[in-house]
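Asker: Take a look at this one; I'll ask things after.
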């Protein structure tokens, strides 16, 4: 007498009966892959609710993908004349149970790894750690999914020996018990309490990321951290052409006496028109305010939208302003021309680097790029310095991250708080960095995509008050 795996009985309930109320194997495996992608260790701590929502979405997406793949395989099997494997293979009935066990085990393991990793990042930043309560909540999408499938499949199989209630009860009970035990273990070895990102860091980041309420980017640029000796020119976005606004900005700069300062900084704004006031204040402090700053707005959309859709606007605007400044300086004696410094952060760095390349690196004293998106600037350049926070997801993110690690550019200087860097995993790292972009500016200076006074610490002596000299070129 042969006893197969699916004929094993526990209190009158066979493994085959239980498997009949579980998702198909590919559906469970798809859910496991979705959970693994959502729980890949991040480069920055995340708000628990955001991570919970991402986990639920990816688990559902993975399960749907697996269900569709399973359905296609069944249709193809019928077309070629093959019978259902569940009717021909004595152990096929246990495949769903095995797949469900793999899904739960993988989800629990990834959840524990993710929690330990995030708590390490939070400890390094001085933020309260996550408690085991969140790990229990993170398991609910998988548990709820199995409970729903068991109930639905139980109704469709009302003729089966096992009733829907008897099928769903042991499945959900075992699933919940396993999830709770695993999350309790993960919570025991973790530290801290269930807190989100510190409100102080978040509020300060938001206040620095955008001008105060009711103020335009132009007003913020002209007044934030300004001194009586500051000389700043900002040309807002309007109906004029880009070339006309660049020429008008240079005319205003000449009228205010900017050409008589030792250095002129051409600051390329982000997509929304924002220029980091911390960088401008640091430039002025280092040069003892013996410099002028020019900025011309080219777009009013969020930086991420401008980067994806209107990236060429940043390039053409920065190139036009740089060409206009250099053209105006040609009328001055060589020994009286001020140094020219190109500066840009984020999308502004893309425009500044393109402007440097268009006029030739030798015609500017230096080009300072802060936090440029990955693979968006030239690999090398003359008189250029690239500042990147070690934990900046923007500097790592690109579509190519799905199949290869980010390639650092030359002249790159790593700065900011040194946080643990997650390993590169194909596809998973791309998804993880994409999620990290949501909180890239939710921390203090030196963490994520927030930069500070270190932006003025360039190697060239273009800003040093004690060594300033007129540009002989």
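Asker: Identify, from the list 419, 401, the residue that is under 23 Å from residue 123 (Cβ atoms) and in contact with a helix residue (DSSP H, G or I) (Cβ under 7 Å, 6 or more places away or on another chain).
Answerer: None of the others qualify; the one that does is 419.
Asker: Listed residues 417, 366; which is modelled with pLDDT under 90, closer than 28 Å to residue 319 by Cβ and either under 18 Å from the mean Cα position of the chain (by Cα) or surrounded by 18 or more Cβ atoms within 10 Å (Cβ to Cβ) (or both)?
Answerer: 366
Asker: Oh, and also: If I go through the range 352-363 residue by residue, how many of them are surrounded by fewer than 24 Cβ atoms within 10 Å (Cβ to Cβ) and either touching a residue at least 60 places away in the same chain (Cβ under 8 Å) or touching a helix residue (DSSP H, G or I) at 6+ places or on another chain (Cβ under 6 Å) (or both)?
Answerer: The number of residues fulfilling the criteria is 4.
Asker: Does the range 262-289 hold any residues that are more than 15 Å from residue 226 (Cβ to Cβ) and over 25 Å from the mean Cα position of the chain (by Cα), and which are they?
Answerer: Passing the criteria: 262, 263, 264, 266, 286.
Asker: Looking only at the range 438-450, which residues are crowded, with 16+ Cβ neighbours inside 10 Å and either without any contact (Cβ under 8 Å) to a residue 60 or more places away in the chain or not in a loop (DSSP other than H, G, I, E, B) (or both)?
Answerer: Scanning the range 438-450 gives 439, 446.
Asker: Let me ask something else about it. For the structure I just gave you, tell me whether residue 471 is under 30 Å from residue 332 (Cβ atoms), modelled with pLDDT under 90 and over 20 Å from the mean Cα position of the chain (by Cα).
Answerer: Taking the combined requirement at face value, the residue satisfies it.
Asker: Of the residues 362, 429, 376, only one is outside the structural domain of residue 51 (by TED's automatic domain parsing), in a helix (DSSP H, G or I) and farther than 27 Å from residue 117 by Cα; which?
Answerer: 362
Asker: Could you list, in sequence order, the residues of the range 24-54 that are within 21 Å of residue 442 (Cβ to Cβ) and either touching a strand residue (DSSP E or B) at 6+ places or on another chain (Cβ under 8 Å) or at pLDDT below 85 (or both)?
Answerer: 47, 48, 49, 50, 51, 52, 53
Asker: Related question: For the range 71-94, state whether one or more residues are modelled with pLDDT of 80 or more and under 30 Å from residue 418 (Cα atoms).
Answerer: The answer is no, given that none of the residues of the range 71-94 is modelled with pLDDT of 80 or more and under 30 Å from residue 418 (Cα atoms).
Asker: Another question, if that's okay. Among the residues of the range 394-410, are any at pLDDT below 90 and under 21 Å from residue 113 (Cα atoms)?
Answerer: no
Asker: Now, a different point. So residue 61 clears everything in (1) at pLDDT below 80; (2) surrounded by fewer than 18 Cβ atoms within 10 Å (Cβ to Cβ) except one condition, right? Which one?
Answerer: That leaves (1) as the condition not met.
Asker: So which residues in the range 427-436 are surrounded by fewer than 19 Cβ atoms within 10 Å (Cβ to Cβ) and closer than 16 Å to residue 371 by Cα?
Answerer: Hit for the range 427-436 is 434, nothing else.
The values are calculated or read from the model by the stated rules, or taken from the named source; none is laboratory data. Bear in mind that the values here come from a model prediction, so they are computed numbers and not experimental data. Every residue, glycine among them, receives a Cβ derived from its backbone with ideal geometry; neighbour counts consider all protein chains shown.
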